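Below is one structure, written out as structure tokens, with a few remarks after it.
Laboratory data are not the source of any read-out in this text; all were calculated from the coordinates shown. In this text the structure is predicted, and so the values were computed from the model without any measurement. Cβ placement follows ideal geometry from the backbone for every residue including glycine, while neighbour counts extend to all protein chains displayed.
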Amino acid sequence: MSPNEHGLPDAGRDSVPSIPLSDANAGRNGEPTIGSLVKDATASVSTLFRSEVALAKAELVTEAKKAGAGTGLLIVAGVMALYSSFFFFFFLAELLDEWVWRWLAFLIVFLILVLVTVVAAFVGYLFFKRVRGPKKTIESVNELPTVLPNRHAEHETSHPRIPPAREG
């Protein structure tokens with residue numbers, strides 16, 4: 001085949017390009033077929049889902065930048081508070097030095113710090129003891145095989161169930 005004046009190969013002198021006058025996805029009666037409807041619906045849902053994810057990403061990036069800046073400033077404030085607390089406790093020991101021996105003043109401040117640490121650790125332990133497993137998620141995952149199509153009884157024994165969250 002030799003190229004024509006547009007640089008495209010000649011399919012033959014008598015061939016004329018044509019546009020179909022009927023919908024290629026239409027069935028015999030002119031209505032779209034089930035296959036084409038499912039294909040279009042799948043493509044539309046996929047496009048919608050991708051668009052929603054892109055919108056969520058765009059919104060979250062802006063908010064994440066704000067949250068990052070705020071978190072950085074809170075970390076700086078926390079570090080400064082920790083450094084300042086050293087001077088407060090040193091001041092407290094020096095103040096107690098006016099009424100008791102110097103070594104006893106620093107021992108009292110040390111014991112106050114140990115007491116605060118023990119109380120904070122105990123309260124933190126109580127909070128962690130209250131933590132429970134994701135009960136609703138575990139129930140949902142365990143029910144998943146019952147709603148999936150083409151699941152047979154022989155397949156259900158091959159996947160162990162997730163045990164319920166432990167009550168503590």
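I'd like the Karplus ³J(HN,Hα) series for region 86-101: coefficients 6.51, -1.76, 1.60, θ = phi - 60°, whole numbers in Hz, and an x wherever there's a Gly or Pro.
In residue order, the calculated couplings are 4, 5, 5, 5, 5, 4, 4, 5, 5, 5, 5, 4, 5, 10, 10, 4 Hz.
At 7 Å along Cα-to-Cβ for each site, give me the label-to-label distance between TYR83 and SER44 in nm.
6.1 nm
Search the structure for amide H atoms under 5 Å from the amide H of THR33, placed 1.01 Å from N in the peptide plane, and list their residues when 5 or more places away or on another chain.
The answer is GLY27.
Return the lysines within reach of LYS66: Cα separation strictly under 25 angstrom, same-chain partners fewer than 8 residues apart disregarded; answer none if there are no such residues.
In chain and number order, the partners are LYS57.
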